[in-house]
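Taking it in order: structure first as structure tokens, then the write-up.
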Amino acid sequence: MSDSAAPLTTADGVPLKVSLRRAVRRSKFKALLLVSPLLLFLGIAFVIPIFEMLSRSVANPEVSTSLPRTVAALENWDRQALPDEPVFEALVEDLREGQAARNLGLLASRLNYERSGMRSAINRTARGLGSMEPPYREAMLDAHARWGELDTWKLIERESSPYTMTYYLSALDRHLTPDGEITMAPDNQQIHVSLFWRTFWMSGLITLMTLLLGYPIAFLLANLPLRHSNLLMILVLLPFWTSLLVRTTTWIAILQSQGVLNDMMVFLGVIADEARWQMIHNKIGTVVAMTHILLPFMILPLYSVMKTIPPSYMRAARSLGGRPFLCFRRVYFPLTIPGIAAGGILVFILSIGYYITPALVGGQSGRFITNYIAYHMQTSLNWGLAAAIASILLFVVVVFYLVFNRLVGVDKVKLG
Amino acid sequence: MAIPSYATRGERIWHYVFLGLCALIFLFLVGPLLVIIPLSFNAQPYFTFTQEMLTFDPQGYSLRWYQDFFTSSRWLNAIKNSFIIGIASTILATVLGTIAALGLSSRHMPARGVIMALLISPMIVPLIISAAAMFFFFSRINLAQTYLGVILAHTALGIPFVVITVTATLSSFDTTLIRAAHSLGANPTRTFFKVVLPLVTPGVVSGALFAFITSFDEVVVVLFIAGPEQRTMPIQMWSGIREQISPTILAVATLLVLLSMLLLTTLELLRRRGERLRGLTPG
């Protein structure tokens, strides 16, 4: 009886279960070891930079590092009246130190984002610091009117915390009042929210266009004999493999007002020479060029799904008496929905993050939110705001990416 | 796509309408790439067909934009940079990506989904966000405006393509072949070089080609982290389109279309070879 109950063992007497578990553990370890160099590399070259950028969107070091004494002196301030002499004295000392270290520029820009006039207040005061004598309260009030305003002090006190949400607020066209309430920015300064919406609806439109154009092509490729479909597949893959800038350039050559399409239309007499179509540097340019660029990303997933649908299903539906359109709508189309979802999400994700094409052919009206990230990075140098916009965009992309991963699985993505 | 014999007249008409529609969409896909090829031989500095070109007057055609390209030190330098950065980052991405793919395709890989999602993320995160993030980080560690910085950045961007193609190849790899080789007396090294490698190579090479073209075509990251010394082809094209638009760009574009045709042919041959080796298609 004891024989049948004894655990199975390997030749050297180790229970089989233990031995198996050990083997699995060893191969797990081996697999992890193989992946680890890449994980380490991507961690350093990609993941850390992304997280550092995310932290930049809330980082607020300027006031607390440039004005440490002022911040400390403001701790007991009652927020009802202008601060007293010790606070002004601390501010003068801080500014003197900052001027010697030449780092007042950052502070001036930071405060100026929140309240216009602060840059000139700091710069003008800094210039007169050398000859400034106590009592500093009067001297500072003389130096610039901003020091005599309660809101300035409330601002300094508020921004003394090492973290801030003001970048996110301005990324959404809102700002904090001196009393800490969130209000909308003035109408003429509201740009980001409308750009976010434009990015989303235009990307949706581009996704729809790629679906409308890609569906018939994928259907054709999936139903042709392999010999022909391989040949036609090359026509899909060629643009996919061609440089993005080349494809954008060709659309400029075709769509511009002295371009190929307009010339042809004038030549054919469809439009008058003076009434050439404006098809580029606006929304049309962006949508047309991006539809062209992203079309292969729709066709390939659709194709791989359609390839798995046996043609006998449609024949069966027909033999049961369905009209062709009904058969398509009730039998074929539902089977292709996974492909539509995969292609659609892929195109949408790629589209909302596109920068090059909208920047080159979009003009003013066809720009995407990505163009504003670049603008704040390179021109206005408001990096905190750029990081905040990028974080919002990244959040949207990640949400769609997770949905995509759930529906399709990233490892199911096929390339070419 | 043959029309079944029971098709009605309406279906037949619809069939041809559908084919015509598909032809138009194919024209939309490929037409623009074909239009620029003749345009690049334009004798005039225009982006459109001149009267002479349309009447096939030899006077209307010239190679001046190609000459312009091949004699301009800016363009030649940009090509050189593109190849340096492209080849270096391709080698790095292929080595790292292939080793990782070997681990990922193991049956016992823990947390496979999460790790895969992480490895693919550089392909999904918008380029402008990667570029901004890398700009901050690389400036801090003094890698901005260096070749090494651009190469590392492009390696990160190319990795997903290598991982995807090589894991796809490995997942269709028949592991009984390894055991068969062992049973026939081959040691692991010999098995690897004689059995595994020939079957996996097409996947690795196509992954490498994807990584190369990703780097070769990348603008945004270079725009942010490269200095004037690391100007690449795409950057040169980008500033060419923005600043002084000259048909030299069309000549470059034509050359790049030819390059992509070459790459595509290579890939197709690799795919066929891979299928033949696995015995999926005869001949």
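Values in this text are rule-based calculations from the coordinates and carry no lab data. This one's a predicted model, so the numbers in the text were calculated from it and none came from an experiment. Using ideal geometry, Cβ is built from the backbone for each residue, glycine included, and neighbour counts are taken over all protein chains shown.
Figures for the structure shown
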{"item": "Table column - 3J(HN,Hα) (Hz), segment B:66-76, Karplus curve with 6.51, -1.76, 1.60, x for Gly and Pro", "result": "6, 4, 4, 5, 7, 10, 8, 5, 4, 5, 5"}
{"item": "Cα-based helix-to-principal-axis angle, A:244-255 vs chain A, degrees rounded to 10", "result": "90"}
{"item": "For A:344-357, mean number of other protein chain Cβ atoms within 10 Å", "result": "3"}
{"item": "Size-normalised alpha-carbon gyration radius of the protein assembly as shown, reference 2.2 N^0.38 Å", "result": "1.16"}
{"item": "Computed [θ] at 222 nm, deg cm²/dmol, chain A (DSSP H ≥ 4; -39,500 (n - 2.57); rounded to nearest 500)", "result": "-21000 deg cm²/dmol"}
{"item": "5 angstrom amide H check on A:Arg174, placed H, neighbours 5+ away", "result": "A:Ala185"}
{"item": "Inter-chain shielding of A:390-402 (mean C-beta neighbours from other protein chains, 10 Å cut-off)", "result": "3"}
{"item": "Estimated D of segment A:259-416 in µm² per second, where Rh is the Kirkwood radius over Cα pairs and Stokes-Einstein applies at 25 °C, 0.890 mPa s", "result": "129"}
{"item": "Segment B:131-283: proportion of alpha-carbon pairs further apart than 24 angstrom, %", "result": "52"}
{"item": "Charge dipole of segment A:61-164 about the Cα centre (unit charges at C-beta), most positive-ward option of A:Thr70, A:Gly148, A:Tyr113", "result": "A:Tyr113"}
{"item": "Amide H contacts of B:Asn42 (H built 1.01 Å from N, under 5 Å, at least 5 apart or other chain)", "result": "B:Ser62"}
{"item": "Relative packing of peptides A:298-304, A:60-66, B:146-152 - highest average C-beta neighbours within 10 Å first", "result": "A:298-304, B:146-152, A:60-66"}
{"item": "Per-peptide average of other Cβ atoms within 10 Å, ordering B:68-79, A:208-219 highest first", "result": "A:208-219, B:68-79"}
{"item": "Pairs of Lys in the protein assembly as shown closer than 26 Å at Cα, counting only those 8 or more apart or on different chains", "result": "8"}
{"item": "Å³ per residue enclosed by the Cα convex hull of segment A:2-56", "result": "99"}
{"item": "Segment A:61-164: mean projected area of Cα convex hull, nm²", "result": "5.7"}
{"item": "J(HN,Hα) series, segment A:9-25, from Karplus relation 6.51 cos²θ - 1.76 cosθ + 1.60, nearest Hz, glycine and proline x", "result": "10, 7, 4, 8, x, 7, x, 4, 4, 4, 4, 5, 4, 5, 5, 5, 4"}
{"item": "Interatomic Cα distance distribution for chain A, bins of 20 angstrom, percent", "result": "19, 35, 28, 15, 3, 0"}
{"item": "Charge-dipole axis of the protein assembly as shown as Lys and Arg at +1 and Asp and Glu at -1 on Cβ define it, positive-most pick from B:Val163, A:Ala388, A:Ala45", "result": "B:Val163"}
{"item": "Separation between Cα centres of segment B:212-239 and segment B:112-127, rounded to whole Å", "result": "23"}
{"item": "Principal axis dimensions, largest first and in whole angstrom, of segment A:168-261 by Cα", "result": "72, 35, 20"}
{"item": "Percentage relative contact order, chain A, counting C-alpha pairs under 8 Å, at least six apart", "result": "16"}
{"item": "Under Karplus coefficients 6.51, -1.76 and 1.60, residue-wise ³J(HN,Hα) of segment B:37-42 in Hz, glycine/proline x", "result": "5, x, 4, 6, 9, 4"}
{"item": "Three semi-axes of the equivalent ellipsoid, chain B, Cα gyration tensor, whole Å, largest first", "result": "39, 32, 19"}
{"item": "Under-5 Å amide H pairs with A:Thr9, H placed in peptide plane, nonlocal only", "result": "A:Leu16"}
{"item": "Electrostatic dipole magnitude of chain A [Cβ: Lys, Arg +1; Asp, Glu -1; Cα centre; debye, to 20]", "result": "3080"}
{"item": "Shielding score for B:158-170, defined as the mean number of other chain Cβ atoms within 10 Å", "result": "2"}
